[in-house]
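Visitor: Provided herewith is a single structure, encoded as structure tokens, for subsequent inquiry.
The values are calculated or read from the model by the stated rules, or taken from the named source; none is laboratory data. Since the model is a prediction, treat every value here as computed from it, not as a measurement. Glycine also receives a Cβ, built like all others from the backbone with ideal geometry; neighbour counts cover every protein chain displayed. When the accessible area is computed, the model is the full protein with side chains, heavy atoms only, and any ligands, DNA or RNA have been set aside. Shrake-Rupley method; radii C 1.70, N 1.55, O 1.52, S 1.80 Å.
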Amino acid sequence: VGNYKRTVKRIDDGHRLCNDLMNCIHERARIEKVYAQQLTEWAKRWKQLVEKGPQYGTVERAWCAFMSEAEKVSELHLEVKSSLMNEDFEKIKNWQKEAFHKQMMGGFKETKEAEDGFRKAQKPWAKKLKEVEASKKAYHAACKEEKLAISRETNSKADPALNPEQLKKLQDKVERSKQDVLKTKEKYEKSLKELDNATPQYMENMEQVFEQCQQFEEKRLRFFREVLLEVQKHLDLSNAASYKNIYRELEQNIKTADAVEDLRWFRANQGPGMSMNWPQFEEWSADLNRTLSRREKKKASDGVTLTGINQTGDQVSQPNKHSSSLSVQSNTVQSVQSSYNPFEDEEDTGSTVSEKEDNKIKNVSSYEKNQNYPTDWSDEESNNPFSSTDANGDTNPFDEDTSPAMEVRVRALYDYEGQEQDELSFKAGDELTKMENEDEQGWCKGRLDNGQVGLYPANYVEPIQ
């Protein structure tokens, strides 16, 4: 009696399992969305880095194909997220709403119906069972009383002090108890027989209600199986034709990379095959294209200033974005050495992952393909930056400004593009280190965070408080 509550509880469990399945799908959809966003961000960041970097030609296109693959896969995972939430999640939600009906007093209508059905089917049989238990209890009590009366009678026969009248009472008690045993036994057997007769009908009624609960649960189980299969189809990208095409296209793009073609292009655009702008005679003009350098102003050194020299890289007609003006900063080696190591142990530093990602973006390449390469040259050994003394660090291009000063961190107020090889370039807001104080012409010597050392206008920066 009452064990049907386990079956009734299964209805409430079914409603809760619908919520669990919806939460499960919702979490997976959120993971798909985050993954798609990360793929998009990765593709965007690296596409910019590769396009600005020194790689060129067909190999660059093959490299960029990975970013295109990420963007397309990102779209597919967004579609997965959309399918999970708009189709599977909503389907479960709607089915749950149709299958379970809440009551004003709490609980579900289906639970109450099952509870009432079981109770109604069990009530007649439970009533007869109660009668059986009562008659059984009366029969056992009569048997106990009979045994006790017989024991007393037996003991009294051995007692000489007991008079015949008392013995007669004990014998009558035994006789009455025997009669009670017979009566209660008959009643017990009768109630038990009635219970046995009612049992088949009871089982039929209970099984009928149980089958209704089974059918309700079967609908839920079949629905769950159907939904899980749909979720599987939405998650499985291996059979999606568009997914296979992405990697087929990626393979084709990589295979189109041609080293010979890239070398031929570089020779024609950046090597001996490029358009030449040989020096020609030019008349003197009052509007000089170049002014005296700061060092020439300060030192007033003798020499000839060449004017009207146009850098070859600026004159060449570039067929596409891959062409770039020739320029190597004097500190290229320093920049390469200070570049970020992507395999460095992140636990050794206190910076966050996002900070490290920013560092990777800034320092992933030692130079960009659009840098301006200076074409100034000199056959004088003292001015050769690649002389043996320079290479050994015995000379310093800033020797004339080597007055000792404490280094100070400053912030750029305006953008400045270096006009000469020994000048720094920076953007408003960039931070750098001032190494020497302002000179007579208003220039300071400083160092960028990437290690490049050079001059900059003193009034373009302010100290960092």
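Visitor: Pick from segment 229-240 the residues that are without any contact (Cβ under 8 Å) to a residue 60 or more places away in the chain and open to solvent by less than 70 Å² (accessible area, probe 1.4 Å): which of them is nearest to residue 61 (Cα to Cα)?
Guide: Residue satisfying both the conditions and the ranking: 238.
Visitor: Would segment 54-73 turn up any residue that is touching a Leu at 6+ places or on another chain (Cβ under 9 Å) and of a type in the set (Phe, Trp, Tyr)?
Guide: Scanning segment 54-73, I find at least one residue that is touching a Leu at 6+ places or on another chain (Cβ under 9 Å) and of a type in the set (Phe, Trp, Tyr), so the answer is yes.
Visitor: When residues of segment 149-177 are filtered for being open to solvent by 80 Å² or more (accessible area, probe 1.4 Å) and assigned to a helix (DSSP H, G or I), how many remain?
Guide: Going through segment 149-177 one residue at a time, the tally reaches 11.
Visitor: Tally time: how many residues in segment 392-426 are modelled with pLDDT under 75, in a loop (DSSP other than H, G, I, E, B) and closer than 26 Å to residue 464 by Cα?
Guide: Residues that pass the stated criteria total 6.
Visitor: Against the definition (assigned by the TED database to the domain that holds residue 246, of a type in the set (Gly, Ala, Ser) and closer than 23 Å to residue 24 by Cβ), how does residue 82 come out, yes or no?
Guide: So residue 82 passes the test.
Visitor: Moving on. Being basic (Lys, Arg) and more than 60 Å from the chain's Cα centre (by Cα), is that true of even one residue in segment 150-161?
Guide: yes
Visitor: If you don't mind, another one. Give segment 86-137 a look and list any residue that's touching a strand residue (DSSP E or B) at 6+ places or on another chain (Cβ under 8 Å) and basic (Lys, Arg), or say none.
Guide: 102, 109
Visitor: With respect to residue 235, determine if the residue is aliphatic (A, V, I, L, M) and modelled with pLDDT of 90 or more.
Guide: yes
Visitor: Considering each residue of segment 65-81, count those that are free of Cβ contacts under 8 Å to residues at least 40 places away in the same chain and either farther than 19 Å from residue 254 by Cα or open to solvent by less than 20 Å² (accessible area, probe 1.4 Å) (or both), and give that number.
Guide: Residues that pass the stated criteria total 5.
Visitor: For residues that are among the charged types (D, E, K, R) and not in a loop (DSSP other than H, G, I, E, B), scanning just segment 222-246, find the one that is farthest from residue 73 (Cα to Cα).
Guide: 222
Visitor: Residue by residue through segment 202-227, note down the ones that are open to solvent by 90 Å² or more (accessible area, probe 1.4 Å) and in contact (Cβ under 8 Å) with a residue 12 or more places away in the chain.
Guide: 208, 212, 219 - these are the residues of segment 202-227 that are open to solvent by 90 Å² or more (accessible area, probe 1.4 Å) and in contact (Cβ under 8 Å) with a residue 12 or more places away in the chain.
Visitor: Are there any pairs with C-beta distances below 7 angstrom linking a residue in segment 447-464 that is over 14 Å from residue 427 (Cβ atoms) to a residue that is among the acidic types (Asp, Glu) and surrounded by fewer than 20 Cβ atoms within 10 Å (Cβ to Cβ), with the two at least 6 apart or on different chains, and if so which?
Guide: The qualifying pairs are 454/422; 454/423; 455/422; 455/423; 458/438; 464/431.
Visitor: Give the number of residues within segment 247-272 that are in a helix (DSSP H, G or I) and either more than 24 Å from residue 58 (Cα to Cα) or among the aliphatic types (A, V, I, L, M) (or both).
Guide: Residues flagged as in a helix (DSSP H, G or I) and either more than 24 Å from residue 58 (Cα to Cα) or among the aliphatic types (A, V, I, L, M) (or both) within segment 247-272 amount to 6.
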